[in-house]
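Student: Below you'll find the structure I mean.
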Amino acid sequence: MVYKNVKLNVLFRLLILMTLIGMLMYSAVVLERYLRSVYMVVFIVLASIEFLWYVDKTNRDLGNFLLALLHNDFTTRFSGSHKGKSQQHLYSSFNAINDKFRQLNAEREVLFLHQQMLVQHVNVGIISFDSNGKIHLFNDALKRMFQQPHLHLRSINDLAKINPELLKTVQNIKAGERQLIKINLETDLLQLAIQATEFTLKGKYFKLISAQDIKGELEEKELEAWQKLIRVLTHEIMNSVVPITSLSDTLHLIVENQRNSEEPISDKTMTDIGLGLEAIHNRSKGLVNFTETYKNLTRIPPPRFAKVSAQELVERMQTLLRPRLEEAKVPLLVDVPEEDVFFLADVQLIEQVLINILKNALEALEEQDHPHITLNVNQSREGKTLISVKDNGPGIPPEVLDRIFVPFYTTKDEGSGIGLSLSRQIMLQHKGSLQCSSAVGEGTVFTMSF
């Protein structure tokens with residue numbers, strides 16, 4: 001509508017100019033009235049000036065409007081009073097567009113302030129920097145964490161003032177990774193979980209780092225783990241100490257009675273003493289073996305990382321366990337991608353973990369109808385290599401599932417209770433994880449994540 005009105009105004013002025021020029025030609029050539037022609041020339045000049053002013057005024061106002069948009073200045077108002085109807089429509093449109101942009105800008109500022117408030121009030125330290133190391137954002141939680149309320153960070157290298165290890169970790173950590181570091185402050189020890197993500201904004205690279213002090217959570221979990229371990233250790237030790245104490249009391253009583261008796265020691269008494277001493281010896285030997293097992297649990301060698309082929313690893317597992325699988329008549333179903341999956345690991349330690357899990361699955365299927373085990377290899381969306389062992393056994397009750405990784409906890413008559421605990425420690429050394437999910441009557445799945 002505005003464009004149409006402006007167009008009509010321009011056409012109207014052009015029509016007037018053409019009419020004046022026609023009248024000038026008629027007056028000068030046909031009527032030969034030169035004085036009137038001079039007046040006509042003056043009118044034509046004035047009409048041309050007005051026409052140029054009108055066009056220039058419209059262009060100038062349009063230019064000012066576009067410049068205001070370019071500089072995010074939405075406060076400019078265009079007045080159409082004392083002007084033609086078309087100009088009023090044009091300026092009203094300018095003002096309406098300005099109002100809309102001002103509203104959008106206000107909403108964007110509110111959203112930005114809301115996001116800033118969220119960033120500043122979360123209890124996780126956040127820092128963002130570009131490819132040149134220039135810091136664009138860090139929140140108050142970071143200041144509180146390092147006990148420096150007046151902390152100012154301009155470059156990522158400024159983190160070296162807090163702790164050189166922190167700077168090294170932030171620079172080297174990759175997107176999706178999670179690393180744990182310890183930082184000693186003057187009055188406290190921080191145990192930080194560092195995570196990173198990377199993104200590109202308007203063609204510019206950024207890395208976003210989050211840091212959370214998990215010391216309290218670790219101490220709570222550590223206390224819980226110690227309590228579970230102490231309960232298991234107490235149970236195992238008392239199972240040996242109580243019979244030894246009881247037998248030693250009995251043997252002591254037999255010896256005292258024999259000492260006070262004038263009768264010679266009988267063969268039966270000697271047999272009882274011999275059996276008692278043998279039982280004490282066996283239980284004592286069991287305690288020694290138990291402590292040796294505990295020592296071995298804490299002496300896992302550091303992994304020697306190398307490139308591992310998932311297909312070759314699975315083939316070795318099939319070869320190693322084929323005799324036992326055939327004896328138990330349990331098929332091992334293998335699901336491996338056609339394109340081989342490679343990951344970094346200590347292949348000997350990982351084979352130890354897999355053998356332990358597969359043997360546990362076999363034992364769980366001893367009385368199961370139509371038993372089978374599935375060995376699966378795949379990769380997650382985050383690029384993690386996942387190896388899972390699934391059986392269709394009876395499943396693990398929830399109260400047992402909570403304890404299966406506790407050292408020396410076992411539900412087997414002849415089990416040591418260290419296999420799964422050892423396996424999880426090996427996976428932690430690989431910066432991975434070992435998880436178990438199970439449902440009674442549906443089976444169990446152990447998943448190794450690298």
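Since every read-out is calculated from the coordinates, none of them should be taken as a lab result. Just so it is clear, the model here is predicted, and its values are computed rather than measured. Every residue, glycine among them, receives a Cβ derived from its backbone with ideal geometry; neighbour counts consider all protein chains shown.
Student: With Cβ to Cβ distances under 13 Å as the rule, what net charge do the other residues near Lys134 carry (K, R +1; D, E -1)?
Tutor: So the surrounding residues net to +1.
Student: Considering the options Ser388, Val445, Gly419, tell which one lies farthest towards the positive end of the dipole of segment 299-450, charges being +1 on Lys and Arg and -1 on Asp and Glu at the Cβ, about the Cα centre.
Tutor: Value: Gly419.
Student: Per 0.36 nm of contour for each residue apart, how much would the distance between Leu52 and Glu351 grow if the chain were fully extended, relative to their Cα-Cα spacing?
Tutor: 98.8 nm
Student: Mind listing the long-range amide H neighbours of Leu185? Cut-off is under 5 Å, sequence gap 5 or more, other chains count too, H placed in the peptide plane at 1.01 Å from N.
Tutor: The answer is Leu190.
Student: Still on this model: I'd like to know how segment 173-216 sits against the 2.2 N^0.38 Å rule of thumb: what's its Cα Rg over that expected value?
Tutor: 1.44
Student: How would you rank Val400, Val170, Val347, going from fewest to most other Cβ atoms within 10 Å of each one's own Cβ?
Tutor: Lowest count first: Val400, Val347, Val170.
Student: DSSP loop (so not H, G, I, E, B), at most 13 other Cβ within 10 Å: list which trypsin sites (Lys or Arg not before Pro) in segment 307-343 pass both filters.
Tutor: The qualifying sites are Lys329.
Student: Run the dipole for segment 306-449 about the Cα centre, Lys and Arg Cβ at +1, Asp and Glu Cβ at -1, nothing else charged, and hand back the magnitude in debye, nearest 20.
Tutor: I would put it at about 460 debye.
Student: Next question. From the cross-link list Lys100/Lys207; Lys168/Lys202; Lys161/Lys431; Lys182/Lys359; Lys168/Lys390; Lys100/Lys204, which pairs have alpha carbons spaced over 31 Å apart?
Tutor: Check vs 31 Å cut-off fails for Lys100/Lys207; Lys182/Lys359; Lys168/Lys390.
Student: Quickly work out the Leu67-to-Val255 label distance, labels modelled 7 Å from Cα along the C-beta direction, and quote it in nm with one decimal.
Tutor: 11.1
Student: With viscosity set to 1.306 mPa s and temperature to 10 °C, compute the Stokes-Einstein D of segment 306-449, Rh being the Kirkwood radius across alpha carbon pairs; µm²/s, no decimals.
Tutor: Rounded, D is 102 µm²/s.
Student: Going by how many other Cβ atoms sit within 10 Å of their own, how do Tyr91, Tyr39 line up, fewest first?
Tutor: Placing the least packed residue first, the sequence is Tyr39, Tyr91.
Student: Right, something else. Which ordering of Val440, Val353, Val377 is given by a fewest-first count of other beta-carbon atoms within 10 Å?
Tutor: With the sparsest Cβ surroundings first, the list reads Val440, Val377, Val353.
Student: At 7 Å along Cα-to-Cβ for each site, give me the label-to-label distance between Lys307 and Thr447 in nm.
Tutor: Those two pseudo-labels are separated by 2.8 nm.
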